[in-house]
Amino acid sequence: MAGEAGGTSAGIPGTPLDKTAGVFEEILNREEAEKQPPKKPKAEKVAEPEPVAEPEPEPEPEPAAVAAEEEPTESEEEEPRYVVKVDGEEFEVTQSELLAGYSRTKDYSKKTMALAEQRKSAAAAEKAAETERNAVIAERQRIAQDAALFEKAMKAMAPQEPDWDTARQTMTPDQFAATYAEWQIHQNRVRIAEDKRRQADARVEADKATAYTAYLSEQNALVLEMIPEWQDESVRKADAAAMRAFAKSKRFTDAQIDAVDDARTMVLLREAWQHAKSVTTRPVVRAEISRIKSATPGGAQSARKPVSQMAKDAATLKRTGRVDDAAKLFEHLVDL
């Protein structure tokens with residue numbers, strides 16, 4: 001029965017031995033499964049879905065826009081600040097302001113240099129033009145001198161004009177005609193020389209007039225610089241009228257006054273007029289000052305002397321401390 005009981009108990013589920021065998025078998029199966037590679041699952045067949053209208057793809061953002069979104073803005077990122085000194089005063093500026101200021105300064109320096117070059121070129125061109133103009137003026141003066149010499153030589157070479165009535169009586173018609181033709185030819189040459197000389201003189205005079213006009217313009221600008229008050233036209237006209245009257249009182253004529261074309265002479269004339277005017281009014285001013293002094297109480301010098309002496313005695317007493325000096329000061333106090 002024992003053998004039967006043992007065989008029977010091995011095949012009966014639920015007994016302790018059966019449970020132990022099951023656990024042991026499960027452990028062996030798990031270890032064997034871990035040693036074997038995992039099996040790939042078979043792909044299941046999926047029914048293809050019906051085609052659906054795909055929505056249009058949204059445009060991809062540009063790299064610059066993406067970078068702008070990713071990078072922090074200037075306002076989010078604090079700029080470095082620097083201290084600059086302008087005209088002795090310090091200012092705090094950001095880096096962008098500093099760079100902008102440098103760009104403006106660089107641009108200004110570039111334009112200033114370009115302007116300086118333009119002025120230099122203009123000055124050089126003006127100097128060259130002036131040199132050329134002076135050369136032309138000198139050449140015209142030389143031509144005028146040569147024309148005058150030529151005219152003088154032609155007149156010196158001219159024969160004496162014949163007595164035409166006597167020539168008609170003493171000469172044959174052919175001789176008279178030849179003499180008269182020769183005289184006319186010489187006279188035409190003299191007239192040509194005179195015309196050339198007059199034309200040359202006219203050109204020289206025109207050059208002088210142009211130069212004098214430029215000189216007057218320069219002197220007018222200089223006198224306004226030396227007498228700024230004359231920028232006011234009313235002041236200038238009033239002074240000019242008074243200066244003319246003053247000059248005429250010194251026996252200058254209107255023609256002589258009008259011939260003054262040098263700014264320095266004009267300034268000297270104005271200073272002389274102003275000095276004469278101050279000398280004329282000086283006695284009146286002095287009389288008025290004397291009147292005011294005499295009318296002012298305590299204005300006389302004698303009234304101020306005791307006060308001055310009392311101050312001196314007080315200073316002496318302070319320095320010495322003597323009784324006699326104190327008595328002198330007391331006398332001044334009694335007199336007051």
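Quick rundown of the values:
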| read-out | value |
| --- | --- |
| Placed amide H near F252: partners under 5 Å, 5+ positions off or other chain | none |
| Residues in the stretch 253-273 reached by a label modelled at R244 [backbone nitrogen below 13 Å; 7 Å Cα→Cβ] | 253-260 |
| Residue pairs, from the table K120/K208; K208/K248; K248/K277; K85/K120; K250/K277; K127/K196, whose Cα atoms sit over 23 Å apart | K120/K208; K208/K248; K85/K120; K127/K196 |
| Ascending count of other beta-carbon atoms within 10 Å, so fewest first, for D239, D262, D324 | D324, D262, D239 |
| By average C-beta atoms within 10 angstrom, highest first, the peptides 156-167, 178-189 | 178-189, 156-167 |
| Order by protection proxy (mean Cβ within 10 Å, highest first), peptides 311-318, 263-270 | 263-270, 311-318 |
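Any read-out appearing in this document is the output of simple, stated calculations on the displayed coordinates, not a laboratory observation. Everything numeric in this text was worked out from a predicted model, so none of it was measured. Counting neighbours? That spans all protein chains shown, and the Cβs are built from the backbone with ideal geometry, glycine included.
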